[in-house]
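Engineer: Sharing a structure here in C-alpha cells format.
The values are calculated or read from the model by the stated rules, or taken from the named source; none is laboratory data. Worth saying up front: this structure is predicted, and the values here are computed from it rather than measured. Note: ideal-geometry Cβ built from the backbone for every residue, glycine included; neighbour counts use all protein chains shown.
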Amino acid sequence: MKKEQKQELLQLQNELEPLARQIETPETLSAQGITELLEEKQPKRKKGKVIVLNTVRAMAAVLAVAIGVTSAVRLYDRPRVRHIPKAISSAESPLSGTTQKDITDYFTALKAEYDKNSVGDIFRYGKSLAVEDKAAMGVAEVAAESTNESTAVASTNTQVANVDEQDKIENDGRYLYYVMNDQTVRIVDTQTMQQVGRVEPFNNSITNTAIYYRNDRLVVLGVWYGKTKQQTVIRVFDVTDRAAPGLLKTVEQDGALFDSRLTGDRLIVLSNDGVPLYDLETKGGYANYEDVVPCTVVDGGEAQPLDATCITIMPDSESERYLVITTLDLDTLAGGGPHTSAILGAGDTVYCTEKQLFVASVDYGSFYATARAFSDVTTNLYEFSFLGATVALEHSGAVAGTLNNSFSLDSADGTLRVATTGTNNKGKTINRITVLDENLKEIGRIDGIAPGETIRAVRYIGQYGYVVTFERTDPLFVIDFSDKTNPKIVAELKLPGFSSYLHPFNGYLIGVGTDGDEDGATDGLKISLFDVSDPTAPREIDKLVIPRAESVVAYDHHGFLDNSTQNRFGLAYESHSNYYYERRFCTLSVENGKLKLLGSFTNHKNDDGENGQRVYQPDGSYVTAYTYEEGIDRGTFIGSTLYTASPERICAWPFDGGDCLGTVELEGGSRWNESYLSR
C-alpha cells in the first residue's frame, strides 16, 4: 500500500474513533474493523503497481449511516430495564417454577421502560431497522463410514462427530436429496441418474429451507411469515417410497429458524422470537400472557402458548427476545409429541456435542455503557442437557468479547474453551481464550493474542488449539491446554494472507482462506497444507493458490467435502472475472506431503449443449465460458464418484477428474443469475 493511502486510512481511523467511543457498534462496523476491511480489500499488486483504492471516503460515509442505524436498532432492540420486579431481577440463578404472573410482570415492566426511553417514532416503529440474528453455520469433519472405496459415502461436514447439522444436500448411499431455489426438495437416483421424486413441504413464502436424512425419514426445516410473525416449521416425511413421500409430522414454533442439530434420533431445532414492545398492548397497564410468550402448533392444530413452567428468565435479564428450543424424537413420532421450551435471551451461535447443547448470545450492554478493561461487549453462554425427555438449562456464564463462529467453542475434559475478540478502552482490538469449568465459571485464560488483529479461524484438536488472526499477515498460533488453568502459546507461524477455515486431515491441518502479500493486500483462494506432527513447530509444507477466487467455505463450512478415507477432499469456491462470478467445485489429494489438484468442475453446459469440465491448470489458465446459470452449491460422493449439485442439474464425475459421467436435469431449475468466467 502506498504511503499516501496509509496516511488516508490512518486519518479515516482517527476520525472514526471518537464516534466509535460514543456509540456502540458491532465489531465489523468499528473504526478498527472498517479500516481493516479497507486494507484487506486492497487489490493485489500487478507488475509493481498498486491500484489506488477510491472508496475510502465513501466507506466513511457508509459507516456514518451505519452508526446511525445501529443506534436506532440498539435503542429498539436493547432497552435497559431498571424496574423489573425484584423477585425476578435479583435472582442469583435462573428463575425456576416460573408462573404466568412472573412473565407478565416482566413484560409489563419492559414495556413501561421501553415507552419511557423511546426517542421519536423512528425508534417506536423501528422494526424495519432490526438486524436479524445470523446463526453461524456449523461445519465439520466426519470421515466416511467405510474405508472400502466402492461403499464410501459422503456425510455432511460437521463440527462434532455423530452430531449432524442442517444442510442443502443429503446422501443415503444411493439417493441424493437436494434443496432447490424454489425451496422444494428434489430426490435423485444416482444409479439411474434420474429425478424420481420431490418434496414440496411449504408455500411460496418459505425461506431458509434445510434438511436432514436418517433411516428413510427426511426432515425439512423452513421459515415462513405466519399471521403476525415469523415461524419455524418442521416437517418429517417418510421417503421409503421416493416417488411418493408421505408426511408424518408437522411442528410449528414461533420465531425465525436460528439453527438445529440431530444426534441419534433426537432432533433439536432453535428459533429466535421477539415480543414487539412498540406494538404491545396492555390492559389496565398490564401485559396479556398470550401476547408475550411463544406459541407452538402440532399437526395443524390450534396455536398453544408455552406453559410458564417451560420458560426460563435469567438473572438480570433485560431482553424481549426468546430463544425457543424444540426437541423431537424421529423414532417415536406417532407415540409422542415434541417438547418446546424457551429462555429470555436470543441466541447467535450453537455448539453441540452428543450430550450437551451450548448456545452463545452477544450482549452489547447499555447504549451508554462505559468501556470495560477488555471489551464492552460480552457473550452470554447457556448450557442445556437433552438426554431426558426435555431440554433443561443446566448452567449459564459469560465471557468478554465476541465469537468468530461455532468453532470458537470446544468442550473437552469437563471444560469449555472459548476464543473471543474484543476491544479495550483505548479502542485496541485484542484476543483471548477463556477456559470454563463444568459450571461455566472461569478457571483459566490467555490474553494478549495478536493485539490489533482479529480472530479469523479456530480449530481445537485434542489438547491443542489452533488460532488464526489477521491484520497484514496470517499468524497461526498453537495453544497448549494441557494445564487447564494456565493455557500457553507454544508456537506461532506467520504467513501472508489468512485462513478462514481449518480442517484436520489424516494427520495434517488444512487451511482454506485468502492469499496475500507482506503488505496485507489480499487476492485469490489459498489452500494451505500444514505439518502439525509437532504442534510446537507447525510448518506450511505446501500451498495451492487459485487466482481471482474465494472459497464458499469461508462463510459456509458445509462447502468442504471430507473424503479422508480415500485421502481426498473437495470444496466449493467462487471464481471471479471483472464483472461476474461462477460457483465451482474442486477436488484435491495429499500425496507425499504435497497438495495435488485433481479437478475443477462446473455444472453449466458448453456451446455444444454438453456439460463441460473446466480444469484449472497450475500455470493459472482456464477456459473461457459464459453461463446464465447459478453454479455449484455442494459436492458429495458415493464410492469414487463425485456429484456436484446446482439449481439447474446434478452432474456425476470421477472424483479424480475426467469427463462428465452423466447429468440429471432438475425440474424448475433457476437461471436468473448471470455468471461469466474470463481467461
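Engineer: Looking at (1) at pLDDT below 90; (2) assigned to a strand (DSSP E or B); (3) small (Gly, Ala, Ser), find the lone condition where Ser375 falls short.
Structural biologist: The single condition Ser375 does not satisfy is (2).
Engineer: Would you say Val139 is of a type in the set (A, V, I, L, M, F, W, C) and modelled with pLDDT of 50 or more? Give the derivation first.
Structural biologist: Values: of a type in the set (A, V, I, L, M, F, W, C): yes; modelled with pLDDT of 50 or more: no.
Criteria not met by Val139.
Engineer: Could you list all residues from the range 593-611 that are at pLDDT 90 or above, outside any loop (DSSP other than H, G, I, E, B) and over 13 Å from Phe655 (Cβ atoms)?
Structural biologist: Lys594, Leu595
Engineer: Consider Leu262 against the criteria (1) in a strand (DSSP E or B); (2) touching a Pro at 6+ places or on another chain (Cβ under 8 Å): it satisfies all of them except one. Which criterion is unmet?
Structural biologist: Here Leu262 clears every test but (2).
Engineer: Just for the range 628-679: of the residues that are over 21 Å from Ala154 (Cα atoms) and aromatic (Phe, Trp, Tyr), which one is modelled with the highest pLDDT?
Structural biologist: Looking at residues that are over 21 Å from Ala154 (Cα atoms) and aromatic (Phe, Trp, Tyr), I get Tyr628.
Engineer: Moving on. List every residue pair whose Cβ atoms lie under 8 Å apart, where the two residues are 6 or more positions apart in sequence or sit on different chains, the first residue falls within the range 378-391 and is free of Cβ contacts under 8 Å to residues at least 60 places away in the same chain, and the second residue, located anywhere, is β-branched (Val, Ile, Thr) and not in a strand (DSSP E or B).
Structural biologist: Pairs that qualify, where the first residue is free of Cβ contacts under 8 Å to residues at least 60 places away in the same chain and the partner is β-branched (Val, Ile, Thr) and not in a strand (DSSP E or B), are Phe384/Val391; Ser385/Val391.
Engineer: On to the next question. Does Leu544 satisfy being assigned by TED's automatic domain parsing to the domain that holds Ser589 and within 19 Å of Phe498 (Cα to Cα)? Working first, answer last.
Structural biologist: Values: assigned by TED's automatic domain parsing to the domain that holds Ser589: no; within 19 Å of Phe498 (Cα to Cα): yes.
Against the criterion (assigned by TED's automatic domain parsing to the domain that holds Ser589 and within 19 Å of Phe498 (Cα to Cα)), Leu544 does not qualify.
Engineer: Let me ask you something else. Kindly indicate the residue of the range 291-336 that is part of a loop (DSSP other than H, G, I, E, B) and β-branched (Val, Ile, Thr) and also surrounded by the fewest Cβ atoms within 10 Å (Cβ to Cβ) among those meeting that condition. Give the derivation first.
Structural biologist: The initial filter retains those residues of the range 291-336 that are part of a loop (DSSP other than H, G, I, E, B), namely 292-294, 299-303, 306-307, 314-320, 330-336.
Now drop any that are not β-branched (Val, Ile, Thr), which leaves 292-293, 332.
Numbers: Val292: 22, Val293: 23, Thr332: 10.
The residue in question is Thr332.
Engineer: Next up: From the list Ala412, Ala389, Ala450, pick out the single residue that is touching a strand residue (DSSP E or B) at 6+ places or on another chain (Cβ under 6 Å) and of a type outside the set (Phe, Trp, Tyr).
Structural biologist: Working: Ala412 fails: touching a strand residue (DSSP E or B) at 6+ places or on another chain (Cβ under 6 Å); Ala389 fails: touching a strand residue (DSSP E or B) at 6+ places or on another chain (Cβ under 6 Å).
Just a single option satisfies the conditions, and that option is Ala450.
Engineer: Here are some conditions: (1) crowded, with 18+ Cβ neighbours inside 10 Å; (2) assigned to a strand (DSSP E or B); (3) not acidic (Asp, Glu). Ile541 meets all but one. Which one does it not meet?
Structural biologist: (1)
Engineer: I'd like the residue in the range 215-230 that is surrounded by fewer than 22 Cβ atoms within 10 Å (Cβ to Cβ) and under 15 Å from Ile187 (Cβ atoms) and, out of all such residues, is nearest to the chain's Cα centre (by Cα).
Structural biologist: For the range 215-230, the residue satisfying everything is Arg217.
Engineer: So, one more: Take the conditions under 16 Å from Leu381 (Cβ atoms) and either within 23 Å of the chain's Cα centre (by Cα) or surrounded by fewer than 15 Cβ atoms within 10 Å (Cβ to Cβ) (or both) and apply them to Leu416. Does it pass?
Structural biologist: On the way: under 16 Å from Leu381 (Cβ atoms): yes; either within 23 Å of the chain's Cα centre (by Cα) or surrounded by fewer than 15 Cβ atoms within 10 Å (Cβ to Cβ) (or both): yes.
Against the criterion (under 16 Å from Leu381 (Cβ atoms) and either within 23 Å of the chain's Cα centre (by Cα) or surrounded by fewer than 15 Cβ atoms within 10 Å (Cβ to Cβ) (or both)), Leu416 qualifies.
Engineer: Would you check which residues across the range 176-201 are in contact (Cβ under 8 Å) with a residue 24 or more places away in the chain and more than 17 Å from Pro647 (Cβ to Cβ) and list them? Show your work before the answer.
Structural biologist: Of all residues in the range 176-201, those in contact (Cβ under 8 Å) with a residue 24 or more places away in the chain come to 176-190, 193-199, 201.
Passing the criteria: Asp189, Thr190, Met193, Gln194, Val196, Gly197, Pro201.
Engineer: So, in the range 452-490, of the ones that are aromatic (Phe, Trp, Tyr) and closer than 18 Å to Pro504 by Cβ, which residue ends up surrounded by the fewest Cβ atoms within 10 Å (Cβ to Cβ)?
Structural biologist: Here is the first cut: in the range 452-490, the residues aromatic (Phe, Trp, Tyr) are 460, 464, 466, 470, 477, 481.
Subsequent filtering for residues that are closer than 18 Å to Pro504 by Cβ retains 460, 464, 466, 477, 481.
Numbers: Tyr460: 23, Tyr464: 19, Tyr466: 25, Phe477: 23, Phe481: 23.
Filtering first and then ranking leaves Tyr464.
Engineer: Identify, please: which residue in the range 491-526 is aliphatic (A, V, I, L, M) and at pLDDT 95 or above and is, among those, surrounded by the fewest Cβ atoms within 10 Å (Cβ to Cβ)?
Structural biologist: Just the residues of the range 491-526 that are aliphatic (A, V, I, L, M), to begin with: 491, 493, 495, 502, 509-510, 512, 521, 525.
With the extra rule that they be at pLDDT 95 or above, the set shrinks to 491, 502, 509-510, 512.
Working: Ala491: 18, Leu502: 27, Leu509: 22, Ile510: 25, Val512: 25.
Restricting to residues being aliphatic (A, V, I, L, M) and at pLDDT 95 or above, the top hit is Ala491.
Engineer: Contact list please: Cβ distance under 8 Å, first residue in the range 248-264 and closer than 12 Å to Tyr322 by Cα, second residue of a type in the set (Phe, Trp, Tyr) and in a strand (DSSP E or B), pairs at least six apart or on different chains.
Structural biologist: Every condition considered, the pairs that remain are Asp254/Tyr322; Gly255/Tyr322.
Engineer: Is it the case that Asp517 is in contact (Cβ under 8 Å) with a residue 60 or more places away in the chain and in contact with a Pro (Cβ under 6 Å, 6 or more places away or on another chain)? Even if it seems obvious, please write down each step before you answer.
Structural biologist: Values: in contact (Cβ under 8 Å) with a residue 60 or more places away in the chain: yes; in contact with a Pro (Cβ under 6 Å, 6 or more places away or on another chain): yes.
For Asp517, the condition - in contact (Cβ under 8 Å) with a residue 60 or more places away in the chain and in contact with a Pro (Cβ under 6 Å, 6 or more places away or on another chain) - is met.
Engineer: Now for a separate question. Identify, from the list Ala243, Ala210, the residue that is touching a Gly at 6+ places or on another chain (Cβ under 6 Å) and either among the aliphatic types (A, V, I, L, M) or in a strand (DSSP E or B) (or both). It would help to see each step written out before you state the result.
Structural biologist: Details: Ala210 fails: touching a Gly at 6+ places or on another chain (Cβ under 6 Å).
So the residue among Ala243, Ala210 that is touching a Gly at 6+ places or on another chain (Cβ under 6 Å) and either among the aliphatic types (A, V, I, L, M) or in a strand (DSSP E or B) (or both) is Ala243.
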